[in-house]
2 protein chains.
Amino acid sequence: MTKQERAARTREALIRSAAREFDLHGYTLAKLSAISTGAGVSPGALHFHFENKPAVAAAVEEEASTALRRAARVVYRQGSDALQNLADTTHALARLLREDIVVRAGYRLSCSRGCRTDLNLRQEWQSCVQQRLAEAADEGLLATGHGGQQDLVRTVVAATVGLEALRRDNGEWLSPETVTGLWRTLLPMLAAPGALAGLEPAGSTTVPAARTPAA
Amino acid sequence: MTKQERAARTREALIRSAAREFDLHGYTLAKLSAISTGAGVSPGALHFHFENKPAVAAAVEEEASTALRRAARVVYRQGSDALQNLADTTHALARLLREDIVVRAGYRLSCSRGCRTDLNLRQEWQSCVQQRLAEAADEGLLATGHGGQQDLVRTVVAATVGLEALRRDNGEWLSPETVTGLWRTLLPMLAAPGALAGLEPAGSTTVPAARTPAA
(Lines give C-alpha, C1' and ligand atoms only; values in the text may rest on other atoms or scores of the structure.)
Protein backbone atom coordinates (compact mmCIF):
# COMPACT_ATOMS: atom_id res chain seq x y z
CA MET A 1 0.00 0.00 0.00
CA THR A 2 1.44 3.38 -1.00
CA LYS A 3 1.48 6.38 1.31
CA GLN A 4 -1.35 7.94 -0.73
CA GLU A 5 -3.49 4.82 -0.41
CA ARG A 6 -2.94 4.74 3.34
CA ALA A 7 -3.90 8.41 3.62
CA ALA A 8 -7.07 7.87 1.56
CA ARG A 9 -8.01 4.90 3.72
CA THR A 10 -7.49 6.88 6.93
CA ARG A 11 -9.57 9.76 5.58
CA GLU A 12 -12.39 7.33 4.69
CA ALA A 13 -12.24 5.73 8.16
CA LEU A 14 -12.43 9.20 9.75
CA ILE A 15 -15.46 10.16 7.65
CA ARG A 16 -17.25 6.94 8.58
CA SER A 17 -16.41 7.36 12.27
CA ALA A 18 -17.58 11.01 12.14
CA ALA A 19 -20.86 9.90 10.55
CA ARG A 20 -21.44 7.46 13.42
CA GLU A 21 -20.62 10.16 15.98
CA PHE A 22 -22.89 12.78 14.31
CA ASP A 23 -25.69 10.21 13.96
CA LEU A 24 -25.43 9.25 17.62
CA HIS A 25 -24.93 12.63 19.30
CA GLY A 26 -25.80 15.26 16.68
CA TYR A 27 -23.37 17.82 15.31
CA THR A 28 -23.23 20.03 18.37
CA LEU A 29 -22.30 17.34 20.87
CA ALA A 30 -20.06 15.31 18.56
CA LYS A 31 -16.45 15.19 19.79
CA LEU A 32 -13.36 15.16 17.57
CA SER A 33 -11.62 12.90 20.08
CA ALA A 34 -14.40 10.30 19.74
CA ILE A 35 -14.12 10.55 15.94
CA SER A 36 -10.37 9.85 15.88
CA THR A 37 -10.73 7.05 18.46
CA GLY A 38 -13.58 5.53 16.43
CA ALA A 39 -11.39 5.54 13.33
CA GLY A 40 -8.49 3.98 15.24
CA VAL A 41 -6.16 6.91 14.62
CA SER A 42 -4.51 9.61 16.71
CA PRO A 43 -5.94 13.14 17.11
CA GLY A 44 -2.91 14.29 15.11
CA ALA A 45 -3.91 12.09 12.18
CA LEU A 46 -7.40 13.60 12.28
CA HIS A 47 -5.96 17.11 12.20
CA PHE A 48 -3.73 16.17 9.27
CA HIS A 49 -6.92 15.53 7.24
CA PHE A 50 -9.41 18.00 8.77
CA GLU A 51 -8.82 21.40 10.31
CA ASN A 52 -11.84 21.32 12.65
CA LYS A 53 -15.34 19.91 13.22
CA PRO A 54 -17.02 21.95 10.44
CA ALA A 55 -14.44 20.55 7.99
CA VAL A 56 -15.22 16.96 9.04
CA ALA A 57 -18.96 17.64 8.76
CA ALA A 58 -18.49 19.17 5.31
CA ALA A 59 -16.66 16.02 4.19
CA VAL A 60 -19.50 13.80 5.47
CA GLU A 61 -22.05 15.98 3.68
CA GLU A 62 -19.99 15.95 0.51
CA GLU A 63 -19.77 12.14 0.43
CA ALA A 64 -23.49 11.81 1.16
CA SER A 65 -24.51 14.21 -1.58
CA THR A 66 -22.18 12.54 -4.09
CA ALA A 67 -23.72 9.15 -3.30
CA LEU A 68 -27.32 10.40 -3.43
CA ARG A 69 -26.75 12.30 -6.69
CA ARG A 70 -25.03 9.33 -8.28
CA ALA A 71 -27.87 6.97 -7.30
CA ALA A 72 -30.43 9.38 -8.77
CA ARG A 73 -28.36 9.62 -11.97
CA VAL A 74 -28.08 5.83 -12.33
CA VAL A 75 -31.86 5.47 -12.05
CA TYR A 76 -32.44 8.37 -14.44
CA ARG A 77 -30.24 6.77 -17.11
CA GLN A 78 -32.38 3.63 -17.04
CA GLY A 79 -34.76 5.70 -19.14
CA SER A 80 -38.10 4.51 -17.77
CA ASP A 81 -40.95 7.02 -17.96
CA ALA A 82 -40.88 10.00 -15.61
CA LEU A 83 -43.34 8.73 -12.98
CA GLN A 84 -41.78 5.28 -12.75
CA ASN A 85 -38.44 7.02 -12.58
CA LEU A 86 -39.53 9.09 -9.63
CA ALA A 87 -40.73 5.99 -7.75
CA ASP A 88 -37.50 4.14 -8.60
CA THR A 89 -35.43 7.12 -7.43
CA THR A 90 -37.10 7.20 -4.01
CA HIS A 91 -36.49 3.47 -3.61
CA ALA A 92 -32.81 3.98 -4.44
CA LEU A 93 -32.40 6.97 -2.10
CA ALA A 94 -34.31 5.23 0.71
CA ARG A 95 -31.98 2.26 0.39
CA LEU A 96 -28.91 4.50 0.65
CA LEU A 97 -30.37 6.25 3.70
CA ARG A 98 -31.16 2.90 5.32
CA GLU A 99 -27.88 1.18 4.63
CA ASP A 100 -25.19 3.84 4.60
CA ILE A 101 -24.45 5.72 7.80
CA VAL A 102 -22.41 8.36 5.93
CA VAL A 103 -25.36 9.12 3.65
CA ARG A 104 -27.76 9.25 6.59
CA ALA A 105 -25.57 11.52 8.70
CA GLY A 106 -24.62 13.73 5.73
CA TYR A 107 -28.25 14.18 4.68
CA ARG A 108 -29.22 15.28 8.18
CA LEU A 109 -26.27 17.63 8.51
CA SER A 110 -27.23 19.27 5.24
CA CYS A 111 -30.79 19.82 6.48
CA SER A 112 -30.02 21.01 10.00
CA ARG A 113 -29.69 24.60 11.01
CA GLY A 114 -26.75 24.34 13.38
CA CYS A 115 -24.32 23.47 10.66
CA ARG A 116 -25.56 25.10 7.51
CA THR A 117 -23.41 25.04 4.41
CA ASP A 118 -24.56 25.99 0.91
CA LEU A 119 -25.76 22.46 0.46
CA ASN A 120 -29.34 21.55 1.30
CA LEU A 121 -30.19 18.11 0.02
CA ARG A 122 -33.86 18.58 0.83
CA GLN A 123 -34.04 21.48 -1.62
CA GLU A 124 -32.14 19.47 -4.20
CA TRP A 125 -34.66 16.67 -3.83
CA GLN A 126 -37.45 19.16 -4.35
CA SER A 127 -35.90 20.25 -7.67
CA CYS A 128 -35.61 16.62 -8.69
CA VAL A 129 -39.32 15.95 -8.01
CA GLN A 130 -40.26 19.16 -9.82
CA GLN A 131 -38.24 18.15 -12.87
CA ARG A 132 -39.63 14.60 -13.05
CA LEU A 133 -43.24 15.78 -12.76
CA ALA A 134 -42.63 18.43 -15.43
CA GLU A 135 -41.28 15.65 -17.65
CA ALA A 136 -44.32 13.49 -16.86
CA ALA A 137 -46.55 16.41 -17.87
CA ASP A 138 -44.58 16.81 -21.13
CA GLU A 139 -45.01 13.09 -21.82
CA GLY A 140 -48.76 13.40 -21.20
CA LEU A 141 -48.52 11.03 -18.23
CA LEU A 142 -49.56 13.42 -15.46
CA ALA A 143 -53.12 13.62 -14.15
CA THR A 144 -54.64 17.03 -14.60
CA GLY A 145 -57.61 16.75 -12.26
CA HIS A 146 -56.33 17.14 -8.71
CA GLY A 147 -54.97 20.62 -8.19
CA GLY A 148 -52.12 22.00 -10.27
CA GLN A 149 -48.68 20.58 -10.86
CA GLN A 150 -47.27 22.61 -7.96
CA ASP A 151 -49.68 20.90 -5.54
CA LEU A 152 -48.52 17.51 -6.79
CA VAL A 153 -44.84 18.44 -6.44
CA ARG A 154 -45.37 19.64 -2.88
CA THR A 155 -47.35 16.55 -1.89
CA VAL A 156 -44.65 14.20 -3.19
CA VAL A 157 -41.87 16.26 -1.56
CA ALA A 158 -43.71 16.48 1.77
CA ALA A 159 -44.53 12.75 1.85
CA THR A 160 -40.99 11.64 1.03
CA VAL A 161 -39.29 14.14 3.37
CA GLY A 162 -41.80 12.98 6.01
CA LEU A 163 -40.72 9.36 5.63
CA GLU A 164 -37.12 10.34 6.43
CA ALA A 165 -38.21 12.45 9.41
CA LEU A 166 -40.33 9.58 10.77
CA ARG A 167 -37.47 7.12 10.32
CA ARG A 168 -35.80 8.73 13.33
CA ASP A 169 -38.51 7.17 15.51
CA ASN A 170 -38.78 3.90 13.65
CA GLY A 171 -36.65 2.53 10.80
CA GLU A 172 -39.72 0.90 9.22
CA TRP A 173 -40.73 4.24 7.73
CA LEU A 174 -37.99 3.94 5.11
CA SER A 175 -38.40 0.20 4.48
CA PRO A 176 -39.06 -1.00 0.90
CA GLU A 177 -42.59 -1.96 2.02
CA THR A 178 -43.43 1.54 3.29
CA VAL A 179 -41.95 3.26 0.24
CA THR A 180 -43.93 0.86 -1.99
CA GLY A 181 -47.12 1.61 -0.01
CA LEU A 182 -46.55 5.33 -0.52
CA TRP A 183 -46.35 4.90 -4.29
CA ARG A 184 -49.36 2.57 -4.27
CA THR A 185 -51.38 5.52 -2.97
CA LEU A 186 -49.60 8.34 -4.83
CA LEU A 187 -49.27 6.90 -8.35
CA PRO A 188 -53.05 6.66 -8.99
CA MET A 189 -53.25 10.32 -7.97
CA LEU A 190 -50.34 11.38 -10.21
CA ALA A 191 -50.87 9.28 -13.33
CA ALA A 192 -53.17 10.28 -16.17
CA PRO A 193 -55.89 7.73 -16.95
CA GLY A 194 -54.30 4.98 -19.01
CA ALA A 195 -50.78 5.77 -17.78
CA LEU A 196 -51.20 3.89 -14.48
CA ALA A 197 -51.30 0.32 -15.77
CA GLY A 198 -47.56 -0.01 -16.48
CA LEU A 199 -46.36 1.61 -13.27
CA GLU A 200 -44.78 -0.48 -10.51
CA PRO A 201 -44.98 1.02 -6.98
CA ALA A 202 -42.31 -1.40 -5.74
CA GLY A 203 -39.84 -0.05 -8.31
CA SER A 204 -39.22 -1.26 -11.84
CA THR A 205 -35.58 -2.23 -11.54
CA THR A 206 -33.00 -3.60 -9.23
CA VAL A 207 -32.21 -0.69 -6.94
CA PRO A 208 -28.51 0.28 -7.22
CA ALA A 209 -26.33 -1.14 -4.48
CA ALA A 210 -25.27 0.96 -1.52
CA ARG A 211 -22.22 3.21 -1.88
CA THR A 212 -19.78 0.91 -0.18
CA PRO A 213 -20.05 -2.62 1.16
CA ALA A 214 -21.44 -2.67 4.70
CA ALA A 215 -18.58 -2.32 7.18
CA MET B 1 -52.47 41.11 41.39
CA THR B 2 -52.09 38.39 44.04
CA LYS B 3 -48.84 36.57 44.73
CA GLN B 4 -50.23 33.49 42.95
CA GLU B 5 -51.14 35.52 39.88
CA ARG B 6 -47.67 37.05 39.76
CA ALA B 7 -46.08 33.59 40.06
CA ALA B 8 -48.25 32.20 37.27
CA ARG B 9 -47.38 35.15 35.06
CA THR B 10 -43.64 34.70 35.69
CA ARG B 11 -43.88 30.99 34.93
CA GLU B 12 -45.67 31.73 31.65
CA ALA B 13 -43.03 34.33 30.69
CA LEU B 14 -40.28 31.81 31.43
CA ILE B 15 -41.94 29.15 29.27
CA ARG B 16 -42.31 31.59 26.38
CA SER B 17 -38.70 32.76 26.71
CA ALA B 18 -37.52 29.14 26.88
CA ALA B 19 -39.47 28.33 23.71
CA ARG B 20 -37.73 31.20 21.91
CA GLU B 21 -34.33 30.03 23.17
CA PHE B 22 -34.96 26.36 22.19
CA ASP B 23 -36.30 27.44 18.79
CA LEU B 24 -33.25 29.60 18.14
CA HIS B 25 -30.43 27.41 19.47
CA GLY B 26 -31.88 23.94 19.96
CA TYR B 27 -32.17 22.16 23.29
CA THR B 28 -28.50 21.33 23.70
CA LEU B 29 -27.15 24.86 23.26
CA ALA B 30 -30.02 26.66 25.01
CA LYS B 31 -28.83 28.51 28.13
CA LEU B 32 -30.83 28.93 31.34
CA SER B 33 -29.29 32.39 31.81
CA ALA B 34 -30.64 33.49 28.41
CA ILE B 35 -34.07 32.11 29.35
CA SER B 36 -34.28 34.07 32.59
CA THR B 37 -32.95 37.23 30.93
CA GLY B 38 -35.47 36.82 28.08
CA ALA B 39 -38.29 36.57 30.61
CA GLY B 40 -37.02 39.66 32.47
CA VAL B 41 -36.47 37.76 35.72
CA SER B 42 -33.47 36.73 37.81
CA PRO B 43 -31.85 33.27 37.63
CA GLY B 44 -33.20 32.72 41.15
CA ALA B 45 -36.77 33.28 39.94
CA LEU B 46 -36.20 30.72 37.19
CA HIS B 47 -34.94 28.18 39.73
CA PHE B 48 -37.96 28.84 41.94
CA HIS B 49 -40.14 27.52 39.09
CA PHE B 50 -37.87 24.99 37.37
CA GLU B 51 -35.16 22.77 38.79
CA ASN B 52 -33.09 22.52 35.61
CA LYS B 53 -33.16 22.62 31.79
CA PRO B 54 -35.03 19.31 31.37
CA ALA B 55 -37.76 20.65 33.67
CA VAL B 56 -38.14 23.82 31.57
CA ALA B 57 -38.22 21.74 28.37
CA ALA B 58 -40.85 19.42 29.86
CA ALA B 59 -43.02 22.46 30.67
CA VAL B 60 -42.73 23.76 27.09
CA GLU B 61 -43.63 20.32 25.72
CA GLU B 62 -46.54 20.04 28.12
CA GLU B 63 -48.01 23.40 27.07
CA ALA B 64 -47.54 22.56 23.39
CA SER B 65 -49.23 19.18 23.68
CA THR B 66 -52.12 20.64 25.68
CA ALA B 67 -52.67 23.28 22.99
CA LEU B 68 -52.42 20.82 20.07
CA ARG B 69 -54.72 18.28 21.75
CA ARG B 70 -57.26 20.96 22.59
CA ALA B 71 -57.29 22.28 19.01
CA ALA B 72 -57.83 18.75 17.67
CA ARG B 73 -60.66 18.23 20.18
CA VAL B 74 -62.39 21.50 19.24
CA VAL B 75 -62.34 20.51 15.55
CA TYR B 76 -63.51 16.99 16.36
CA ARG B 77 -66.53 18.28 18.27
CA GLN B 78 -67.67 20.24 15.23
CA GLY B 79 -68.87 16.85 14.04
CA SER B 80 -68.16 17.09 10.32
CA ASP B 81 -67.48 13.81 8.55
CA ALA B 82 -64.19 12.04 9.25
CA LEU B 83 -62.28 13.12 6.13
CA GLN B 84 -63.30 16.76 6.39
CA ASN B 85 -62.43 16.55 10.04
CA LEU B 86 -58.94 15.33 9.26
CA ALA B 87 -58.37 18.20 6.83
CA ASP B 88 -59.76 20.73 9.32
CA THR B 89 -57.53 19.32 12.07
CA THR B 90 -54.36 19.76 10.00
CA HIS B 91 -55.37 23.35 9.25
CA ALA B 92 -55.87 24.00 12.98
CA LEU B 93 -52.58 22.35 14.00
CA ALA B 94 -50.66 24.09 11.20
CA ARG B 95 -51.99 27.42 12.42
CA LEU B 96 -50.85 26.71 15.97
CA LEU B 97 -47.40 25.67 14.73
CA ARG B 98 -47.16 28.83 12.62
CA GLU B 99 -48.37 31.30 15.21
CA ASP B 100 -47.35 29.98 18.60
CA ILE B 101 -43.65 29.71 19.40
CA VAL B 102 -44.37 27.54 22.48
CA VAL B 103 -46.27 25.03 20.35
CA ARG B 104 -43.55 25.01 17.70
CA ALA B 105 -40.69 24.56 20.16
CA GLY B 106 -42.60 22.01 22.24
CA TYR B 107 -43.50 19.92 19.20
CA ARG B 108 -39.87 19.78 18.13
CA LEU B 109 -38.63 18.95 21.60
CA SER B 110 -41.08 16.07 21.79
CA CYS B 111 -39.80 14.69 18.48
CA SER B 112 -36.08 15.12 19.04
CA ARG B 113 -33.79 12.49 20.40
CA GLY B 114 -31.60 14.60 22.66
CA CYS B 115 -34.43 15.36 25.05
CA ARG B 116 -36.77 12.42 24.96
CA THR B 117 -39.63 12.24 27.41
CA ASP B 118 -42.55 9.83 27.22
CA LEU B 119 -44.31 12.26 24.97
CA ASN B 120 -43.95 11.99 21.22
CA LEU B 121 -46.42 14.22 19.46
CA ARG B 122 -45.57 12.72 16.08
CA GLN B 123 -46.79 9.33 17.28
CA GLU B 124 -49.88 10.91 18.77
CA TRP B 125 -50.64 12.53 15.41
CA GLN B 126 -50.26 9.16 13.75
CA SER B 127 -52.90 7.67 16.07
CA CYS B 128 -55.19 10.58 15.29
CA VAL B 129 -54.89 10.02 11.51
CA GLN B 130 -55.40 6.29 11.99
CA GLN B 131 -58.56 6.88 14.02
CA ARG B 132 -60.08 9.38 11.55
CA LEU B 133 -59.45 7.12 8.56
CA ALA B 134 -60.93 4.15 10.42
CA GLU B 135 -64.01 6.31 11.10
CA ALA B 136 -64.13 7.33 7.43
CA ALA B 137 -64.04 3.63 6.49
CA ASP B 138 -66.88 2.93 8.95
CA GLU B 139 -68.90 5.74 7.44
CA GLY B 140 -68.29 4.30 3.95
CA LEU B 141 -66.41 7.45 2.92
CA LEU B 142 -62.99 5.92 2.32
CA ALA B 143 -61.79 4.87 -1.14
CA THR B 144 -60.96 1.20 -1.33
CA GLY B 145 -58.95 1.14 -4.54
CA HIS B 146 -55.50 2.46 -3.78
CA GLY B 147 -53.68 0.11 -1.43
CA GLY B 148 -55.03 -0.71 2.01
CA GLN B 149 -56.04 1.60 4.82
CA GLN B 150 -52.57 1.32 6.36
CA ASP B 151 -51.00 2.73 3.17
CA LEU B 152 -53.39 5.67 3.30
CA VAL B 153 -52.64 6.35 6.97
CA ARG B 154 -48.90 6.30 6.32
CA THR B 155 -49.17 8.57 3.30
CA VAL B 156 -51.18 11.19 5.21
CA VAL B 157 -48.85 10.98 8.23
CA ALA B 158 -45.71 11.22 6.08
CA ALA B 159 -47.03 14.17 4.06
CA THR B 160 -48.13 16.17 7.10
CA VAL B 161 -45.00 15.43 9.15
CA GLY B 162 -43.04 16.38 6.02
CA LEU B 163 -44.71 19.80 5.87
CA GLU B 164 -43.52 20.54 9.41
CA ALA B 165 -39.99 19.32 8.65
CA LEU B 166 -39.85 21.47 5.49
CA ARG B 167 -41.11 24.49 7.40
CA ARG B 168 -37.69 24.74 9.03
CA ASP B 169 -36.29 25.83 5.65
CA ASN B 170 -39.24 27.92 4.58
CA GLY B 171 -42.35 28.94 6.52
CA GLU B 172 -44.48 28.69 3.36
CA TRP B 173 -44.64 24.92 3.80
CA LEU B 174 -47.14 25.32 6.65
CA SER B 175 -49.10 28.19 5.10
CA PRO B 176 -52.88 27.80 4.66
CA GLU B 177 -52.28 27.69 0.87
CA THR B 178 -49.83 24.77 1.06
CA VAL B 179 -51.99 22.80 3.51
CA THR B 180 -54.99 23.39 1.20
CA GLY B 181 -52.94 22.24 -1.80
CA LEU B 182 -52.03 19.06 0.05
CA TRP B 183 -55.68 18.23 0.68
CA ARG B 184 -56.60 19.15 -2.90
CA THR B 185 -54.34 16.28 -3.98
CA LEU B 186 -54.98 13.86 -1.09
CA LEU B 187 -58.78 14.05 -0.72
CA PRO B 188 -59.54 12.63 -4.20
CA MET B 189 -57.24 9.73 -3.32
CA LEU B 190 -58.88 9.15 0.08
CA ALA B 191 -62.56 9.72 -0.63
CA ALA B 192 -64.87 7.07 -1.99
CA PRO B 193 -66.61 8.01 -5.26
CA GLY B 194 -69.51 10.27 -4.39
CA ALA B 195 -68.00 11.32 -1.04
CA LEU B 196 -65.64 13.88 -2.57
CA ALA B 197 -68.16 16.50 -3.67
CA GLY B 198 -68.85 17.94 -0.21
CA LEU B 199 -65.25 18.06 0.97
CA GLU B 200 -63.42 21.39 1.31
CA PRO B 201 -59.59 21.19 1.08
CA ALA B 202 -59.28 24.70 2.54
CA GLY B 203 -61.11 23.59 5.69
CA SER B 204 -64.82 23.67 6.39
CA THR B 205 -64.82 25.94 9.40
CA THR B 206 -63.14 28.85 11.00
CA VAL B 207 -59.91 27.41 12.34
CA PRO B 208 -59.71 27.83 16.14
CA ALA B 209 -57.68 30.80 17.29
CA ALA B 210 -54.12 30.40 18.50
CA ARG B 211 -53.53 29.44 22.14
CA THR B 212 -52.74 32.91 23.40
CA PRO B 213 -52.80 36.32 21.76
CA ALA B 214 -49.55 37.03 19.90
CA ALA B 215 -47.03 38.61 22.25
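The values are calculated or read from the model by the stated rules, or taken from the named source; none is laboratory data. Remember, it's a predicted structure, so these values are computed and weren't measured experimentally. For neighbour counting, all protein chains shown are included, and Cβ atoms are generated from backbone atoms with ideal geometry for every residue, glycine included. Calculation scope for accessible area: heavy atoms of the full protein, side chains included, ligands and nucleic acids excluded. Shrake-Rupley method; radii C 1.70, N 1.55, O 1.52, S 1.80 Å.
Each Cα pair under 8 Å and six or more residues apart adds its separation to the average, and for chain A the resulting relative contact order is 23 percent.
When the Cα convex hull of region B:4-59 is projected onto planes of every orientation, the mean area is 3.2 nm². Treating r as the C-beta distance of A:R98 and A:Q4 and R0 as 41 Å, the FRET efficiency rounds to 0.80.
Each stretch of four or more DSSP H residues adds -39500 (n - 2.57); spread over every residue of the protein assembly as shown, this sum gives -23000 deg cm²/dmol at 222 nm. Put +1 on the Cβ of each Lys and Arg and -1 on the Cβ of each Asp and Glu in chain A; which of A:L24, A:L121, A:A7 then has its Cα farthest toward the positive end of the dipole? Value computed over the given set: A:A7. For chain A, the longest principal axis of the Cα atoms and the long axis of helix A:53-77 meet at an angle of about 30 degrees. Averaged over its residues, region B:17-107 has an accessible area of 41 Å² per residue, based on protein heavy atoms and a 1.4 Å probe. Using a Förster distance of 30 angstrom, determine the FRET efficiency expected from the C-beta separation of A:S127 and A:S42, and round it to 0.05. So the FRET efficiency works out to roughly 0.10. Restricting the trypsin sites (Lys or Arg not before Pro) of region B:54-142 to loop positions (DSSP other than H, G, I, E, B) with no more than 13 neighbouring Cβ atoms within 10 Å leaves B:R113, B:R116. Computed from the C-beta positions of A:A137 and A:T28, the FRET efficiency with R₀ = 41 Å rounds to 0.45. Between helix A:3-29 and chain A there is an angle of about 70 degrees, using the helix long axis and the longest principal axis of the Cα atoms.
Available extension along the chain between A:N120 and A:Q78 is 12.5 nm, counting 0.36 nm per residue and deducting the alpha carbon span. Here B:C128 sits with roughly 20 square angstrom of accessible surface, probe radius 1.4 Å. Pairwise Cα distances in chain A exceed 25 Å in 43 percent of cases. Every Cα-Cα pair in region B:1-121 was counted, and those over 24 Å apart are 33% of them.
For chain A, find the longest principal axis of its Cα atoms and tell me its angle to the long axis of helix A:121-138, 0 to 90°, nearest 10. Compared with the principal axis, the helix lies near 20 degrees. Summary: within chain A, the longest segment free of GluC sites (Glu not before Pro) located in DSSP loops with at most 14 other C-beta atoms within 10 Å is A:52-138. For chain A, a simple Cβ point-charge model (Lys and Arg +1, Asp and Glu -1, everything else neutral) yields a dipole of about 760 debye relative to the Cα centre. Shielding of peptide A:169-182 by partners, expressed as the average count of other chain Cβ atoms within 10 Å per residue Cβ, is 3. With the convex hull drawn over the C-alpha atoms of the protein assembly as shown, the volume per residue is 154 Å³.
If DNA, RNA and ligands are ignored and the probe is 1.4 Å, what is the ranking of A:I101, B:I35 by accessible area, most exposed first?
Solvent-accessible surface, decreasing: A:I101, B:I35.
Charge tally around B:Q131: other residues with Cβ under 12 Å, Lys/Arg +1 each, Asp/Glu -1 each, net -2.
Step by step: find N for region B:63-190, compute 2.2 N^0.38 Å, then divide the Cα radius of gyration by it. What's the final number?
Region B:63-190 yields a ratio of 1.03.
Closest approach of any chain A Cβ to the axis that rotates A onto B belongs to A:G162, 2, distance given in whole Å.
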